[in-house]
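Structure, as C-alpha cells:
The values are calculated or read from the model by the stated rules, or taken from the named source; none is laboratory data. Treat the numbers as computed from the prediction; the structure is a model and nothing was measured. With ideal geometry, Cβ positions are generated from the backbone for all residues, glycine too; neighbour counts draw on all protein chains shown. What goes into the accessible areas is simple: the full protein's heavy atoms, side chains included, and nothing from ligands, DNA or RNA. Shrake-Rupley method; radii C 1.70, N 1.55, O 1.52, S 1.80 Å.
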Amino acid sequence: QVQLAESGGGMVQAGGSLRLSCAASGRTFSSYAMGWFRQAPGKEREFVAGISWSGGIISYADSAKGRFTISRDNAKNTVYLQMNSLKPEDTGVYYCARAVGSNWSRRREYDYWGQGTQVTVSS
C-alpha cells in the first residue's frame, strides 16, 4: 500500500510563491513517475506537472510553464512543486499522484493519490 501526503499549501497574494511537497511511503517511490494535479471549485481535476522516476523527463501544463517547477528527491521519497508568480486562477486543491502510465496528463494513468493541499491566491 502506497500513501501520499501533500503539504505546503496555504494562502498567498497574487505574485507570491509556495512550495508544495508530497511525501510517499514505501520503497518503490524511485521506480515511478509522479504527477501534480489541481482542482478548482466546480471544475475538473487538471494536470499541472509530471516528472519521470529519474527526474530526467518533465512535463508541464501550459498554465504552469515558466512559473512552476517540479522536482523530486528519491532519497527522501518526496516530490516537490515550486510555484512562483501565483495568480488567483491557480487557486484550488493540489494533489500528487503516482503514475503507472505514460500519458501523464490523464488522471487514469495514476493509481495512488494524496488527499490534497489547499492553495488560495488572493488578488
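I'm checking my understanding of the structure. Among residues of the range 55-95 that are closer than 13 Å to residue 119 by Cβ and among the hydrophobic types (A, V, I, L, M, F, W, C), which one is most open to solvent (accessible area, probe 1.4 Å)?
93
Tell me which residues, restricted to the range 6-22, are open to solvent by 40 Å² or more (accessible area, probe 1.4 Å) and within 11 Å of the chain's Cα centre (by Cα).
Residues of the range 6-22 that are open to solvent by 40 Å² or more (accessible area, probe 1.4 Å), as a first pass: 7, 11, 13-15, 17, 19.
Correct list: 7, 19.
Restricting attention to the range 93-112, which residues are in contact (Cβ under 8 Å) with a residue 40 or more places away in the chain, more than 16 Å from residue 31 (Cα to Cα) and of a type outside the set (Ser, Thr, Tyr)?
Scanning the range 93-112 gives 93, 106, 107.
Collect the residues in the range 25-62 that are at positive phi and in contact with a strand residue (DSSP E or B) (Cβ under 6 Å, 6 or more places away or on another chain), keeping them in residue-number order. Outline the logic, then answer.
Here is the first cut: in the range 25-62, the residues at positive phi are 26, 42, 55.
The one that is at positive phi and in contact with a strand residue (DSSP E or B) (Cβ under 6 Å, 6 or more places away or on another chain): 55.
So the check is Cβ under 7 Å with 6+ separation or different chains; which pairs have a first residue in the range 72-89 that's farther than 15 Å from residue 8 by Cα and a second one that's open to solvent by 60 Å² or more (accessible area, probe 1.4 Å) and not in a strand (DSSP E or B)?
Correct list of pairs: 88/123.
What residue, of 53, 104, is modelled with pLDDT of 95 or more, in contact with a helix residue (DSSP H, G or I) (Cβ under 7 Å, 6 or more places away or on another chain) and of a type outside the set (Asp, Glu)? Break it down stepwise before answering.
Values: 104 fails: in contact with a helix residue (DSSP H, G or I) (Cβ under 7 Å, 6 or more places away or on another chain).
Only one candidate qualifies: 53.
Regarding residue 43, is this residue without any contact (Cβ under 8 Å) to a residue 40 or more places away in the chain and exposed (fewer than 15 other Cβ atoms within 10 Å of the Cβ)? Please lay out each step first, then the result.
Details: without any contact (Cβ under 8 Å) to a residue 40 or more places away in the chain: no; exposed (fewer than 15 other Cβ atoms within 10 Å of the Cβ): yes.
No; evaluated as a whole, the condition is false for this residue.
Going by what's in this entry, would residue 20 be described as in contact with an Asp or Glu (Cβ under 7 Å, 6 or more places away or on another chain) and either in a strand (DSSP E or B) or of a type outside the set (S, T, N, Q) (or both)? Explain how you work it out, then say what you get.
Details: in contact with an Asp or Glu (Cβ under 7 Å, 6 or more places away or on another chain): yes; either in a strand (DSSP E or B) or of a type outside the set (S, T, N, Q) (or both): yes.
In short, yes.
Residue by residue, here is whether (1) under 20 Å from residue 2 (Cβ atoms); (2) under 12 Å from the mean Cα position of the chain (by Cα) holds:
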residue	(1), (2)
68	no, yes
73	yes, no
86	no, no
121	no, no
